[in-house]
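What follows is calculated from the coordinates using simple rules that are stated; it is not laboratory data. Here the structure is a predicted model, which means the values were calculated and not measured. Heads up, the Cβs are rebuilt from the backbone with ideal geometry, glycines too, and the neighbour counts pull from every protein chain shown.
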Amino acid sequence: MNENSNHTEILIQYLDGELQAEELERLKKNLADNPSLTEELANLQLAREAARRYGLKSKINDIHKEMMLEMKQGKPAKSSVIKMLAQTGLRVAAVFVVLVGLSAIYQYFTTSPEKLFNENYQPYSIHEVRGMPVNSRLLENYKHGNMDSVIMEFNSLRAPEPEEYILTGIAFLESNQPERAIGTFNKLIQQNADSKTDFFEDDAEYYLAMSYLKNLEPQKALPILEKIQADPSHPYNSKLSKWFILKVKSLH
């Protein structure tokens, strides 16, 4: 992974045993649901093992201490320091850094809207909101993955509730009908704007952006994703790293 990813610090804290119980549980769930995150963790573990095998951390600390001491004394770096930089272990570290950089560049230039959708799409968690009941048959069909039936039930409703728009939009999305998903999420957002409410607005924004990616319209997804990523209080903020936003921008 690279420094632009929001997940990097969490994974490093995990490897260092610094995560609290709640954060640890959340990460384990994310790892189970996200193969790309699991791969990134494996790469970090490999890098750590390489550093351990070659004693890089100790060598780098020694070099840093010696160089800082000589800088304070106003002396040029000794030849011994230069030689240390050329040792096998540090050459291995340099190679690893180059490989990581090349990997990041490769990911940047070979990405696609479909790939970004598949890597970052998150399943929807059903809410329980009093006073806003969801059609029971629609809800049961959604829970059992019967997306066509969800859509049929929705079409029979005279005045759908906000979460019914969300469930149906996702049903369209998971049925490979992103255009109809876009229309459904936008309708809920427009209804909120007209009535000056924000029912399920956060969910609608995230899944609308995902629908635009699925529909090969990253230019429409980007401003929504940037809005979510810039708002720490947004419930989907943690799902969008700066690296992900950068890759979406690369599709323009």
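Please state the shape class of region 117-249: rounded when a/c is under 1.5, otherwise prolate if a/b exceeds b/c and oblate if not, all from the C-alpha gyration tensor.
Numbers: a/c = 1.84, a/b = 1.48, b/c = 1.24.
It is prolate, given that a/c is not under 1.5 and a/b is the larger ratio.
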Share of alpha-carbon pairs per 5 Å distance bin for region 124-193, given as whole %
3, 18, 30, 28, 16, 3, 0
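Could you compute the FRET efficiency for Gln45 and Asn237, with r as their C-beta to C-beta distance and R0 at 22 Å, rounded to 0.05? It would help to have the intermediate numbers written out before the result.
Values: r = 27 Å, r/R0 = 1.21.
Given R0 = 22 Å and the Cβ-Cβ separation, E is 0.25.
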Can you give me the distance in nm between label points at Lys115 and Glu23, each placed 7 Å from the Cα along the Cα-to-Cβ direction?
3.1
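Around Leu19, with a cut-off of 15 angstrom between Cβ atoms, what is the net charge of the other residues, counting Lys and Arg +1 and Asp and Glu -1?
On the way: positive: Arg26, Lys28, Lys29; negative: Glu9, Asp16, Glu18, Glu22, Glu23, Glu25.
Neighbour charge sum, excluding Leu19 itself: -3.
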As a footprinting exposure proxy, order Phe244, Phe185 by other Cβ within 10 Å, with the fewest listed first.
Phe244, Phe185
Sorting Trp243, Gln191, Ser156 by the position of each Cα along the dipole of region 117-249 (Lys, Arg +1; Asp, Glu -1; all at Cβ), the one nearest the positive end of that ordering is Trp243
Which of Met147, Met152, Met210 comes first, and how do the rest follow, when ranked by fewest Cβ neighbours within 10 Å?
Met152, Met147, Met210
Once both labels are modelled 7 Å past Cα along the beta-carbon direction, what's the Asn155-Ala193 spacing in nm?
2.7
